[in-house]
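All of the numbers you see were taken from the coordinates with simple rules; none came from a lab. This structure is a prediction, so every number in the text was calculated from the model and none was measured. Note: ideal-geometry Cβ built from the backbone for every residue, glycine included; neighbour counts use all protein chains shown.
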Amino acid sequence: MQIIKFDKLDSTNKYIKENKNTLSNYDVVFSYLQTSGKGRNDRVWISNEKENLMFSILIKDEELISKYHAMSILSAYSVRNYLEGLGIPHAEIKWPNDVFIDNKKVCGILLEGSLPEYLIIGIGLNVNQKEFVGEFKTTPTSVCLETNKEFDIDAMLETLVSKLINDFELFKKDLINPWIEIQNHNYLLNKEIKFVKNNIAYNGIVLGINKDYSIKIKTDNQIIDISSGELEF
Ligand code: BTN
C-alpha cells in the first residue's frame, strides 16, 4: 500500500483507472487540486485547491470487489465514524454513499470499477473550505464549518486512509457489518424522496435498507426497492 500525492490531477479516480495495472491493492492516489473531479451521475466535483481531501483507493481484492454495495456503505460509515472522532457526532450516511451533517453534504463518494478486476473508491471530503460558490444540489458544509477548527490535510489523509483500510479488513473478517451499521445512521430513513426508475418519476418515503443494500421506498400505492445504480434524484 502506498499513498501517491499530486499537486494537480484531472481526477484521482481517472488516474487510478488509467494506471490500475501498475498499482496494487489499497494504493491511494491523492491530489491537492482536481481540474475535472467526477461526481455521481455524471456530475462534477468542485473543490478548492489544498483545502479539502480528494483521493481514491484502488481495491484489487476479489472478495471486496464483489461486495461493492457493502463497500459503498462501509466507506461512508468509516468517514462518518472518523468525523465522530473529530467532534461531529451527528454525521449520517446518505444512501448509497454520501455523508451528511444535518441537511448538508460534507462528503461525496464515487465508486467505479469493473467486476471482478478492480474497484475504485473515490472520496471527496470538505475539510477547510468555508465558502462554497456556485449551484449545488444540496447545501455543502465542511469539517471546519462544523467544528470551527482548521485541520492539517496531509495528517488527515493518513489517518482517514488507515481507518478505511482497517475497516475493509475488519469487514473481510466479518467483524463489521455495514448493513447493521447503516440502520443506526441512515440519513434518509422516513424522509420523502423523489426518484426515477425505468424512466418513471416517483415520490416516496424511505422505509429502510434491504439486506442486499437496495433501498425500500413506499410510494402512494406500492413499495419499490431500488439499487444504487438505478436511483436519480
Ligand atoms: C458525489 O457526491 O457525486 C461523489 C463525489 C466524489 C468526488 C471524489 S474526489 C476524489 C475522487 N476523484 C474524483 O474525480 N471523484 C472522487
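Tell me, what is the FRET efficiency for Asn41 and Lys149 to the nearest 0.05, using R0 = 25 angstrom and their Cβ-Cβ distance as r? My answer for the efficiency is 0.15. Return the aspartates and glutamates within reach of Lys94: Cα separation strictly under 17 angstrom, same-chain partners fewer than 8 residues apart disregarded; answer none if there are no such residues. In chain and number order, the partners are Glu84, Asp102, Glu181, Glu192, Asp212, Asp225, Glu230, Glu232. Antiparallel DSSP bridges in the chain: what percent, to the nearest 5? Of those bridges, close to 85 percent are antiparallel. Structural descriptor for the chain: relative contact order 16 percent, calculated from alpha carbon pairs under 8 angstrom and at least 6 residues apart. Look at where the Cα atoms of the stretch 159-220 and of the stretch 75-112 average out, and the two centres are 12 Å apart. The slack between Lys211 and Gln2, meaning 0.36 nm per residue of separation minus the straight C-alpha distance, is 71.9 nm. Given axes a ≥ b ≥ c from the Cα gyration tensor, I'd like to know whether the stretch 138-184 is rounded (a/c under 1.5), prolate (a/b larger than b/c) or oblate. Because a/c hits 1.5 or more and a/b fails to exceed b/c, the stretch 138-184 counts as oblate.
Working from label points 7 Å from Cα in the Cα-to-Cβ sense, the Lys60 to Glu158 distance is 2.5 nm.
When a/c is below 1.5 the answer is rounded, else prolate if a/b is larger than b/c, else oblate, so apply that to the stretch 4-66 with a ≥ b ≥ c taken from the square roots of the Cα gyration tensor eigenvalues. It is prolate, given that a/c is not under 1.5 and a/b is the larger ratio.
A helix-only calculation puts the chain at -8000 deg cm²/dmol for mean residue ellipticity at 222 nm, using -39500 (n - 2.57) for each DSSP H run of at least four residues, averaged over all residues.
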